[in-house]
Amino acid sequence: MASDSWAQAVDEQEAAAESVRLNLTLTLSTYREMNNSIKHYTNHNNSLSIRSVSDKAAQSLLNKLIRSNLVNTTNQVEVLQRDPSSPLYSVKSFEELRLKPQLLQGVYAMGFNRPSKIQETALPMMLAEPPQNLIAQSQSGTGKTAAFVLAMLSHVDPENKWPQCLCVSPTYELALQTGKVIEQMGKFYPEVQLVYAIRGNKLERGTRLQEQIVIGTPGTVLDWCQKLKFIEPKRIKVFVLDEADVMIATQGHQDQSIRIQRMLPKTCQMLLFSATFEDTVWNFAKRIVPDPNIIKLKREEETLDTIKQYYVICNSKEEKFQALCNIYGAITIAQAMIFCHTRKTAGWLAGELSREGHQVALLSGEMQVEQRAAVIERFRDGKEKVLVTTNVCARGIDVEQVSVVINFDLPVDKDGNPDNETYLHRIGRTGRFGKRGLAINMVDSRFSMNILNRIQEHFSKMNPDVS
Ligand SMILES: Nc1ncnc2c1ncn2[C@@H]1O[C@H](COP(=O)(O)OP(=O)(O)OP(=O)(O)O)[C@@H](O)[C@H]1O
């Protein structure tokens, strides 16, 4: 990832923060048992390392690997139709879609009883005749992949032995994940075949593909269409661009995707999906999808008013550790996440806690995506009660049942200023769906006290109603 992914991460934070209802009563009550005075003043500014950049594709993959269910949402779908006079058609059951029986069987075999919120509106649009173009945005886990997979499978003609649907994903691993969904959903439709246009899949020159669906990464797909001519782009009926937000964060993918799109016939149905809709994604989406219908599903609003926030004053990292041990019994009644600023601190803390005989999990940036997924899965299944991690590593990862968040280090940005959005994001996870949560901030210097005061000031300024 290029160095501008830092800026992208910040953009993303800001986008998320805008949608958050800042109903934050930052009552920083002191945690009395450990209310020591500050003896030392440590200027941490010099030691602040620039956070390593977060990798959107890895995060997206992690969430897919650990997710077992649809993310529930009560928010309404916003629809902008290309032809506003045509009635909006939405479905409450898969039967209403008049799917091929083999596909309906596949859907039910996957355990889907009824369409998800986004699928209710997106599926009728995608399956309409004549085909309609669509740009759809909804948070990860709301059923986008399943929706476009069903659309692709519905549109292919199994009698025709050439590629008819083309789906591009930002990475090899994400392409494989989507491919798995195609295979599962198409399980009872064996006449339809799938091929992966990903690095490593070397075909002989002169090959003409017979598979009806091609899924791959932009570079290889472009080569297969243009240079190697394995695919005849003019015969493509459906073009899907998945994870557009991740796509544009990857160097070169945007241009390659546009070049692929230009080779497709005007009649080809263009579908684009994204979890977020910042301006950059939106501009890209408009270039890829002409005359689109647009569907947006707002993110569930986060409110922090059910979260109690405390701070603990200590003098050093070691004292913070001691303070943590003192409250350990209380925090492990539920599940807790402990955030550190660096991997080094996270590693140290997890080691110290283990030495004390506590069973903790460590989620660290050096781990492979699969290793990280395994750690999160164990934590999600309650095998460990405490997860020690860094923000970069855990951003965007959903572990619903966490009800205690400890900021072992307060969130600061690369310039050493308070990172308010990250604060909100971290502690927001404890108060999901109205559950009560607890956040404990560990302060170990005047510097960090100042950070905490500024976080408090920031939120109270943004929400003048709060007394
Ligand atoms: N209608 C449905 N009923 C029940 N489960 C569903 C339904 N649609 C999708 N799912 C399941 O919900 C989970 C999330 O769906 P899906 O991967 O399609 O979401 P997504 O929006 O594409 O997420 P991402 O952006 O991370 O790819 C998957 O485990 C999927 O099998």
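Kindly check whether there is at least one residue in region 152-172 that is near the ligand (Cβ under 9 Å from one of its atoms) and either acidic (Asp, Glu) or touching a residue at least 60 places away in the same chain (Cβ under 8 Å) (or both).
Residues of region 152-172 near the ligand (Cβ under 9 Å from one of its atoms): none.
The answer is no, given that none of the residues of region 152-172 is near the ligand (Cβ under 9 Å from one of its atoms) and either acidic (Asp, Glu) or touching a residue at least 60 places away in the same chain (Cβ under 8 Å) (or both).
Within the bounds of region 156-171, is there any residue that is farther than 18 Å from residue 216 by Cα and in contact with a Phe, Trp or Tyr (Cβ under 6 Å, 6 or more places away or on another chain)? Outline the logic, then answer.
Within region 156-171, the first condition is being farther than 18 Å from residue 216 by Cα, and the residues that meet it are 157-161.
In the following step, the residues that additionally are in contact with a Phe, Trp or Tyr (Cβ under 6 Å, 6 or more places away or on another chain) were identified as none.
No, because not a single residue in region 156-171 is farther than 18 Å from residue 216 by Cα and in contact with a Phe, Trp or Tyr (Cβ under 6 Å, 6 or more places away or on another chain).
Taking residue 92 as the residue in question, decide whether it is within 12 Å of the ligand (Cβ to nearest atom), assigned to a helix (DSSP H, G or I) and charged (D, E, K, R).
When the stated conditions are applied, residue 92 does not pass them.
Can you pull out every residue in region 209-263 that is on the phi > 0 side of the Ramachandran plot and in contact with a Leu (Cβ under 7 Å, 6 or more places away or on another chain)?
The one that is on the phi > 0 side of the Ramachandran plot and in contact with a Leu (Cβ under 7 Å, 6 or more places away or on another chain): 243.
Please find, among 170, 163, 190, the residue that is buried (at least 24 other Cβ atoms within 10 Å of the Cβ), at pLDDT 95 or above and part of a loop (DSSP other than H, G, I, E, B). Steps first, answer last, please.
Details: 170 fails: at pLDDT 95 or above; 190 fails: buried (at least 24 other Cβ atoms within 10 Å of the Cβ).
Unique residue meeting the criteria: 163.
Considering 200, 111, 141, 206, which residue is more than 30 Å from residue 255 (Cβ to Cβ) and in a loop (DSSP other than H, G, I, E, B)? I'd like the intermediate steps shown before the answer.
Working: 200 fails: more than 30 Å from residue 255 (Cβ to Cβ); 141 fails: more than 30 Å from residue 255 (Cβ to Cβ); 206 fails: more than 30 Å from residue 255 (Cβ to Cβ).
The unique qualifying residue is 111.
If you go through region 303-356 one residue at a time, how many are in contact (Cβ under 8 Å) with a residue 40 or more places away in the chain and among the small types (Gly, Ala, Ser)?
5
Does residue 295 fit the bill of being over 30 Å from residue 460 (Cβ atoms), aliphatic (A, V, I, L, M) and in contact (Cβ under 8 Å) with a residue 60 or more places away in the chain?
Numbers: over 30 Å from residue 460 (Cβ atoms): yes; aliphatic (A, V, I, L, M): yes; in contact (Cβ under 8 Å) with a residue 60 or more places away in the chain: yes.
Yes: the conditions hold for residue 295.
Among the listed residues 345, 276, 280, identify the single one that is among the hydroxyl-bearing types (Ser, Thr, Tyr) and either under 26 Å from residue 449 (Cβ atoms) or part of a strand (DSSP E or B) (or both). Don't jump to the end; show me each part of the working.
Numbers: 276 fails: either under 26 Å from residue 449 (Cβ atoms) or part of a strand (DSSP E or B) (or both); 280 fails: either under 26 Å from residue 449 (Cβ atoms) or part of a strand (DSSP E or B) (or both).
Step by step, each of 345, 276, 280 is checked, and only 345 is among the hydroxyl-bearing types (Ser, Thr, Tyr) and either under 26 Å from residue 449 (Cβ atoms) or part of a strand (DSSP E or B) (or both).
Here are 202, 234, 180: which of them is modelled with pLDDT under 95 and away from the ligand (no atom under 16 Å from the Cβ)?
Among 202, 234, 180, only 202 is modelled with pLDDT under 95 and away from the ligand (no atom under 16 Å from the Cβ).
Tally up the residues in region 69-113 that are open to solvent by less than 90 Å² (accessible area, probe 1.4 Å) and either closer than 17 Å to residue 129 by Cα or small (Gly, Ala, Ser) (or both), please.
So the answer is 13.
Could you give me the residue pairs with C-beta distances under 8 Å whose first residue belongs to region 223-244 and is open to solvent by 10 Å² or more (accessible area, probe 1.4 Å), whose second residue is within 16 Å of the ligand (Cβ to nearest atom) and part of a loop (DSSP other than H, G, I, E, B) wherever it lies, and which are 6+ apart or on separate chains?
243/169; 243/170; 243/275
Take the residues in region 452-467 that are under 28 Å from the mean Cα position of the chain (by Cα) and closer than 26 Å to residue 320 by Cβ; name whichever of them is modelled with the highest pLDDT. Give the steps one after another, and end with the answer.
The first filter runs over region 452-467 and keeps only residues under 28 Å from the mean Cα position of the chain (by Cα), leaving 452, 455-456, 458-459, 462-463.
Restricting the remaining residues to those that are closer than 26 Å to residue 320 by Cβ gives 452, 455-456, 458-459.
On the way: 452: 93, 455: 88, 456: 84, 458: 80, 459: 74.
Among those residues, the one meeting the criterion is 452.
From the list 294, 338, pick out the single residue that is assigned to a strand (DSSP E or B) and more than 30 Å from residue 388 (Cα to Cα).
On the way: 338 fails: more than 30 Å from residue 388 (Cα to Cα).
Just one listed residue meets the conditions, 294.
If we scan region 257-265, do we find a residue that is over 20 Å from residue 57 (Cβ atoms) and in contact (Cβ under 8 Å) with a residue 60 or more places away in the chain?
Taking region 257-265 first, the residues over 20 Å from residue 57 (Cβ atoms) are 259, 261-265.
Then drop every residue that is not in contact (Cβ under 8 Å) with a residue 60 or more places away in the chain, which leaves 264.
Scanning region 257-265, I find at least one residue that is over 20 Å from residue 57 (Cβ atoms) and in contact (Cβ under 8 Å) with a residue 60 or more places away in the chain, so the answer is yes.
Give region 109-131 a look and list any residue that's without any contact (Cβ under 8 Å) to a residue 12 or more places away in the chain and within 12 Å of the ligand (Cβ to nearest atom), or say none.
Across region 109-131, the qualifying residues are 111, 113.
Please work out which residue is most open to solvent (accessible area, probe 1.4 Å), limiting yourself to region 371-385 and to residues that are assigned to a loop (DSSP other than H, G, I, E, B) and without any contact (Cβ under 8 Å) to a residue 24 or more places away in the chain. Quick ask: steps written out before the conclusion?
First, the residues of region 371-385 that are assigned to a loop (DSSP other than H, G, I, E, B): 381-385.
Applying the additional criterion that residues be without any contact (Cβ under 8 Å) to a residue 24 or more places away in the chain yields 381, 383.
Values: 381: 86, 383: 109 Å².
The selected residue is 383.
When you go through (1) open to solvent by less than 10 Å² (accessible area, probe 1.4 Å); (2) within 11 Å of the ligand (Cβ to nearest atom); (3) assigned to a helix (DSSP H, G or I) one by one for residue 136, which number turns out not to apply?
Going through the list (1) open to solvent by less than 10 Å² (accessible area, probe 1.4 Å); (2) within 11 Å of the ligand (Cβ to nearest atom); (3) assigned to a helix (DSSP H, G or I), residue 136 breaks only (3).
The values are calculated or read from the model by the stated rules, or taken from the named source; none is laboratory data. Note that the structure is predicted; figures quoted are calculated from it, not measured. For neighbour counting, all protein chains shown are included, and Cβ atoms are generated from backbone atoms with ideal geometry for every residue, glycine included. Only protein heavy atoms, including side chains, enter the accessible area calculation; ligands, DNA and RNA are left aside. Shrake-Rupley method; radii C 1.70, N 1.55, O 1.52, S 1.80 Å.
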